[in-house]
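I have placed the structure first, in the form of C-alpha cells, so that the comments after it can refer back to it.
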Amino acid sequence: MTRFGDFTLLEDLGRSDTADRYKASHATLGGPFFLKVYSRLDPTLHAELLHRCEVLLGRQHANLSQHLGHGVVDGLPFVVSPFLEGIDLAEMSTSLVDRRVTIGLESVLLVLGDLATAVGALHAIPSNNGTPTMSHGDVSAGHVRVGADGQVWLTGLTTPRSEGPGKPPEGRWDLAGVGALVYDLVPLLRGGAQRPPLPAPLDRVVRRALGIGTPEDQIGAPELVDRLGEVSVALKLKPDRGSFAELVRRTVRSVEKRVAETGSRPFAKAAGTSS
C-alpha cells in the first residue's frame, strides 16, 4: 500500500497491537505527518477513540505530541500528528546499551521532569462531555519521543486504553509510569545495572510517584515536577539540555548508519512505537 485516502505513505514505521504507523504526506496539506491507522482496534473502542480525538484537537503543549486531525477511510479510523524528528526513548535506550554509551543522572532527571510536565498538561485538559479529565494509560519508554534539540514529548495520546467498559485509565497510573521509567534507564547510567541503589532523595520521590506508601504519600504531576527539581538541587546536578540534545543526535546518526548497513534497526518496533 502506497496510499491511504488523501495521504501518500512515505515510510512504514511499524505496527502495534491496534494500529499501523506511517510517515506520510497529504495531497493538499503537505507534510510530513505521522499517520496512525487503527486497523486492529476493537470496534467497541471506536467511540472512545473519537472522544479522545475531539478532546485533544487543537490542544498544544511543548511536551505533548499534538493531535492535528482524525477521520475514517474504508472503515478504518486514523489520526494525524506532526512527524517529530528524533527517536523514541525505547529505541534510543537500546542503541545506547548496544554501543555501551552511558548517561548521567542529570539526563534522567531531565527526561523525568519533562515527562511529568507532559502528564500534568494532559491531566489538565478538560473533557468536553463532563467525564474525568484526560489520562494516558501507558506512560512508558515506547511512548516518549526525544528530539534533536533535546525536546521530550509524550506520544500515543489518542489510543483508548480502558480498564473496562466506561472505565478510562486512572491518572495515578500515569504518574506511576513516570516513576517506573527510572528503572528502564538505570542500565544506561554510568556504572550500568550494577550501580548502587538510587540516591535517597530520588528514591523517595520515585516511591511516591509509584504510589508506594499511604494514600497521603501519593503525589500529583505538578508536585512531582517540583520534587524532581528539588532532587536536582539536593544532588547538585544541573540537567543540561544541550548535552542531552547532542546525545540524541549522535544516537540518531548511529541508528541511521546501522539501518543503511544492515537494513534493520536496534529496536524491533522502530521509529514509532507509540500506539
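The values are calculated or read from the model by the stated rules, or taken from the named source; none is laboratory data. Since this is a predicted model, take the numbers as computed values, not measurements. With ideal geometry, Cβ positions are generated from the backbone for all residues, glycine too; neighbour counts draw on all protein chains shown. Surface accessibility is based on the protein's heavy atoms, side chains included, excluding ligands, DNA and RNA. Shrake-Rupley method; radii C 1.70, N 1.55, O 1.52, S 1.80 Å.
Some notes on this structure:
- Distance between modelled label sites at LYS257 and THR44, nm, 7 Å Cα→Cβ extension: 5.0 nm
- Under 5 Å from the amide H of LEU68 lie the amide H atoms of VAL80, SER81, each residue being 5 or more positions distant or on a separate chain, with H modelled from the backbone and absent for Pro and chain starts.
- The modelled label-to-label distance between ALA27 and ARG190, using points 7 Å beyond Cα along the C-beta direction, is 5.6 nm.
- The slack in the chain from GLU216 to THR102, taken as 0.36 nm per residue of separation less the alpha-carbon distance, amounts to 37.4 nm.
- Carbon plus sulfur fraction of accessible area for the chain, probe 1.4 Å, in percent: 53 percent
- Computed over all pairs of different Cα atoms, the Kirkwood value for the hydrodynamic radius of the chain is 19.5 Å.
- In this rough spin-label picture, where each label sits 7 Å from Cα along the Cβ direction, the VAL73-SER243 distance is 4.5 nm.
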